[in-house]
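In what follows, a structure is listed as structure tokens, so that the remarks can point back to it.
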Amino acid sequence: MSATAPPATDSLRLDRLGIGELESVDLAVEPGEILCLSGASGAGKSRLLRAVADLEPHRGEVWLGELAQSAVPGHRWRRRVMLVPAESHWWADGVGEHLADPGDRDLEALGFDREVLGWQVSRLSSGEKQRLALLRALCREPAALLLDEPTANLDDATARRVEAWLVERVRERGWPVIWVAHDRAQIGRVARRHLRIHGGGLVEEEQAAWT
């Protein structure tokens, strides 16, 4: 990843955002903060992330610092407020065609060496795709991150490794992050705040109960 890009300094704010059963969500995530979002299956976690990424029509507004989502084209917004979905998409045959010169330290932290850049995407396991999709997003130096269960396809040891790498990078780069997660122990390790979707709104959970 770029060593010259300055750390992000803008908060990510949801202003009366509504989508599906969710109504009038007001929320601010500060630079360098990881906010975990949980809820029952079908509660709207992924749809909320897609609304923040301007991938689904929604009510209300989303702000990155002083920039309103509605003021810029969707592709430009998503370049700055980047969603990493639970199932990653790959548009070229080779892994290296998707990654902008990742650093050896990042590859090693995720369990790879530079040989992976020469692999075909078709040979990747679901867990390898998930790790490389995270690296692909971070290499593009966004201003905020939306992570939809980023370790769901990983075993416990690998998930902990990826967690540590993500937390370090978020603190280093100052990105505001909304991270959808279900694992209580993981939420306790990575999140500064934990919100649960319940009854068409967001309920704050006590972090002490999750550590």
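The values are calculated or read from the model by the stated rules, or taken from the named source; none is laboratory data. As the structure is a computational prediction, the values presented were derived from the model and not from experiment. Neighbour counts are summed over all protein chains in view; Cβ atoms, including those assigned to glycine, are modelled from backbone coordinates with ideal geometry. Remember, those area values only see protein heavy atoms, side chains included, never the ligands or the DNA or RNA. Shrake-Rupley method; radii C 1.70, N 1.55, O 1.52, S 1.80 Å.
Here residue 98 meets the list (1) open to solvent by less than 30 Å² (accessible area, probe 1.4 Å); (2) in contact with a strand residue (DSSP E or B) (Cβ under 8 Å, 6 or more places away or on another chain); (3) within 17 Å of residue 139 (Cβ to Cβ) almost entirely, failing just condition (2).
Rundown of residues vs (1) farther than 28 Å from residue 11 by Cβ; (2) modelled with pLDDT under 95; (3) surrounded by 18 or more Cβ atoms within 10 Å (Cβ to Cβ); (4) not hydrophobic (A, V, I, L, M, F, W, C), yes/no style:
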| position | (1), (2), (3), (4) |
| --- | --- |
| 81 | no, no, yes, no |
| 84 | no, no, yes, no |
| 90 | yes, yes, no, no |
| 102 | no, yes, yes, yes |
| 109 | no, yes, yes, no |
| 126 | yes, yes, no, yes |
| 143 | no, no, yes, no |
| 147 | no, no, yes, no |
| 154 | yes, yes, yes, no |
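Give the range 34-84 a look and list any residue that's within 23 Å of residue 140 (Cβ to Cβ) and of a type in the set (D, E, K, R), or say none. Within the range 34-84, 50, 54, 56, 66, 76, 78, 79, 80 meet the criteria. Restricted to the range 25-45, and to residues there that are touching a residue at least 12 places away in the same chain (Cβ under 8 Å) and open to solvent by 50 Å² or more (accessible area, probe 1.4 Å), the residue that is nearest to the chain's Cα centre (by Cα) is 30.
Entry remark, the range 55-79: residues being touching a Gly at 6+ places or on another chain (Cβ under 9 Å) and either part of a strand (DSSP E or B) or closer than 17 Å to residue 11 by Cβ (or both) number 2 in total. Look at (1) modelled with pLDDT under 95; (2) open to solvent by less than 50 Å² (accessible area, probe 1.4 Å); (3) aliphatic (A, V, I, L, M); (4) out of contact with any Gly (no Cβ under 7 Å at 6 or more places or on another chain) and you find that residue 1 fails only one, number (4).
In the range 18-57, the residue that is nearest to residue 197 (Cα to Cα) out of those that are in contact with a strand residue (DSSP E or B) (Cβ under 8 Å, 6 or more places away or on another chain) and among the polar types (S, T, N, Q) is 38.
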